Amino acid sequence: MDVGYEKTVVVENVDLRGIKGQLICLLGPNGAGKSTILRTLSGLLAPVSGTVYINGSDLKSIKKPELAKKLAVVLTEQVSLGLLTVFEIAAMGRFPHTNLIGKLSDEDKGIIQEALQAVNAVHLRDRYYAELSDGEKQKVMIARALIQQPELIVLDEPTSHLDVKHKVEVISILRRLCLEKGITVVLSLHDIDLAIKGCETILLIQDGKIAAQGTPEEIIKAGTIQSLYEIEGAQYNELLGSLEFFSRQYPEIFIAGGNGTGAGVYRALSRAGYGMCCGVLHSNDIDIHIGKALGCEIIEEEAFNAIHEDKYHQAREIMKTVDYMIDTGFPVGSINQRNMDLVIEAVKMGKTVFSLFPKEHAFKRYGEWTDKIRYCSKAAEVTKCIEDKKTMERV
């Protein structure tokens, strides 16, 4: 179907097929048409062309009281509900089953209680809705939707304006509803990491059409995200599931790392605007993926191989051109011993060498060169030391 307003198409050829118990996410930049699709699925907007079906029935043919038993909607807009309590608002979800003036039976009250428990909001039931945080309000609105006992819940950006705790909690609640109750959930998100880690199917909305549709593993690639959001100055890493700000600065610092010890150092120095060369890193090391995403120059060795002499000499030649060497405190073994040799070689060259290895155990690592090295306890301290040294050199 085509969706939009009156005769103006916003997104064309929308073909979305939801499976019972599935969590489906729409991803795309602001203005791409995610909300328009959701409003059309909810019956709040008529399709420009085509039809919305729920279990084979045309949405337009379903009477509103019956539709409310099949479909629940949670929109982005904050609603003003005066001095109503959480219980009273949640109870509104029973309207399709009791009618507007119907009394709540013991069964209805039990359903309300169960829904509040499902969203971890039982402790809020007697509080006024207006007093709640945004995250608490969102949980209550999800509970109200659940109380309708629908087959499908549609949510428009349910994690907007929420802190990390409540974002994770909301997605966890929705996943649980899908798995335990077989409810199909269709939502829009801005958080790429939440979409990838929480949703089974993702639709990418771009340039007025569905650019891709499938599982996160099938469609979320580095280039896909950068193209979708027209990102410059950062790179999406599909292995890490995160965006990394990259620098194209010429290397002035050589970092000997590995085994995940370099990640924090790379990010700290990248934030400070430094260009880096990282090596020698094995191709299966997590540090290599972060380094590449940050735009570092990488000297790479094949996984599980001892560092070959050509890689060592390549690293040594680059090291001659930089001002600083950093030892991240990586564990040393037979396959990466040459990285320790690079650290010692840097000391011999007269480079300023920083180490994140504990100073009290440094002699076993550096031997006679122990006192030639500057020791820091964290990455931010290394960055500050480099900045202070550069400032002194300029004076």
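Quick check on my filter: what residues within the range 358-395 are in contact with a Ser or Thr (Cβ under 6 Å, 6 or more places away or on another chain), part of a helix (DSSP H, G or I) and surrounded by 15 or more Cβ atoms within 10 Å (Cβ to Cβ)?
362, the sole residue that qualifies.
Any chance the range 186-199 includes a residue that's among the β-branched types (Val, Ile, Thr), modelled with pLDDT of 95 or more and within 30 Å of residue 114 (Cβ to Cβ)?
Yes; the residues of the range 186-199 include at least one that is among the β-branched types (Val, Ile, Thr), modelled with pLDDT of 95 or more and within 30 Å of residue 114 (Cβ to Cβ).
When the residues of the range 143-159 are narrowed to those that are more than 23 Å from residue 56 (Cβ to Cβ) and outside any helix (DSSP H, G or I), which ends up nearest to the chain's Cα centre (by Cα)?
My answer is 159.
Output the helices (runs of 4 or more DSSP H) that fall wholly within the range 252-357 and possess 1 or more residues being closer than 18 Å to residue 379 by Cβ and not polar (S, T, N, Q), or say none.
By residue number, 263-271, 286-293, 337-348.
Kindly indicate whether any position in the range 364-380 is in the same structural domain as residue 251 (by TED's automatic domain parsing) and in contact with a Gly (Cβ under 8 Å, 6 or more places away or on another chain).
yes
Take residue 327 and decide whether it is under 34 Å from the mean Cα position of the chain (by Cα) and in the same structural domain as residue 285 (by TED's automatic domain parsing).
So residue 327 passes the test.
Within the range 157-171, is there a residue that is surrounded by 17 or more Cβ atoms within 10 Å (Cβ to Cβ) and farther than 22 Å from residue 117 by Cβ?
Yes: the range 157-171 contains one or more residues that are surrounded by 17 or more Cβ atoms within 10 Å (Cβ to Cβ) and farther than 22 Å from residue 117 by Cβ.
So which residues in the range 178-195 are among the hydrophobic types (A, V, I, L, M, F, W, C) and within 13 Å of residue 154 (Cα to Cα)?
178, 183, 185, 186, 187, 189
Taking the range 2-56, which residues are part of a loop (DSSP other than H, G, I, E, B), more than 18 Å from residue 202 (Cα to Cα) and touching a residue at least 24 places away in the same chain (Cβ under 8 Å)?
6, 7, 42, 43, 44, 45, 47, 48, 50, 51, 52, 55 - these are the residues of the range 2-56 that are part of a loop (DSSP other than H, G, I, E, B), more than 18 Å from residue 202 (Cα to Cα) and touching a residue at least 24 places away in the same chain (Cβ under 8 Å).
Here is a check on your reading of the model: is residue 85 assigned by TED's automatic domain parsing to the domain that holds residue 44, surrounded by fewer than 16 Cβ atoms within 10 Å (Cβ to Cβ) and among the polar types (S, T, N, Q)?
No.
Being hydrophobic (A, V, I, L, M, F, W, C), assigned by TED's automatic domain parsing to the domain that holds residue 36 and under 22 Å from residue 41 (Cβ atoms) narrows it down to one of 164, 185, 168, so name that one.
Only one candidate qualifies: 185.
When the range 358-389 is examined, which residues are found to be touching a residue at least 24 places away in the same chain (Cβ under 8 Å) and over 18 Å from residue 272 (Cα atoms)?
358, 365, 369, 372, 373
Hey, among the residues in the range 56-82 that are hydroxyl-bearing (Ser, Thr, Tyr) and more than 21 Å from residue 162 (Cβ to Cβ), which one's surrounded by the most Cβ atoms within 10 Å (Cβ to Cβ)?
The qualifying residue surrounded by the most Cβ atoms within 10 Å (Cβ to Cβ) is 57.
Hey, does the range 238-252 have a residue that's within 20 Å of the chain's Cα centre (by Cα), hydroxyl-bearing (Ser, Thr, Tyr) and within 30 Å of residue 4 (Cβ to Cβ)?
Looking through the range 238-252, none of the residues is within 20 Å of the chain's Cα centre (by Cα), hydroxyl-bearing (Ser, Thr, Tyr) and within 30 Å of residue 4 (Cβ to Cβ).
Given the range 160-239, what helices (runs of 4 or more DSSP H) lie entirely inside it while holding 1 or more residues that are under 18 Å from residue 19 (Cα atoms) and touching a Ser or Thr at 6+ places or on another chain (Cβ under 9 Å)?
Hits in the range 160-239: 164-181, 192-198, 216-219.
I'm trying to understand the selection: among the residues of the range 31-55, which are on the phi > 0 side of the Ramachandran plot and either buried (at least 17 other Cβ atoms within 10 Å of the Cβ) or among the charged types (D, E, K, R) (or both)?
33, 43
Yes/no per residue for (1) in contact (Cβ under 8 Å) with a residue 12 or more places away in the chain; (2) more than 38 Å from the chain's Cα centre (by Cα):
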| residue | (1), (2) |
| --- | --- |
| 335 | yes, no |
| 338 | yes, no |
| 350 | no, yes |
| 356 | yes, no |
| 391 | no, no |
| 394 | no, yes |
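Do we have any residue at all in the range 211-223 that's touching an Asp or Glu at 6+ places or on another chain (Cβ under 7 Å), β-branched (Val, Ile, Thr), in the same structural domain as residue 37 (by TED's automatic domain parsing) and surrounded by 16 or more Cβ atoms within 10 Å (Cβ to Cβ)?
yes
If I ask for residues that are touching a Lys or Arg at 6+ places or on another chain (Cβ under 7 Å) and modelled with pLDDT of 95 or more, which ones from the range 376-390 would you list?
Hits for the range 376-390: nothing passes.
Let me confirm something: among 93, 4, which residue is modelled with pLDDT of 95 or more, of a type outside the set (Phe, Trp, Tyr), surrounded by 12 or more Cβ atoms within 10 Å (Cβ to Cβ) and in contact with a strand residue (DSSP E or B) (Cβ under 9 Å, 6 or more places away or on another chain)?
Checking each option against the conditions leaves just 4.
The values are calculated or read from the model by the stated rules, or taken from the named source; none is laboratory data. Bear in mind the structure is a predicted one, so any value in this text is a computation, not a measurement. Virtual Cβ from ideal backbone geometry, glycine too; neighbours counted across all protein chains shown.
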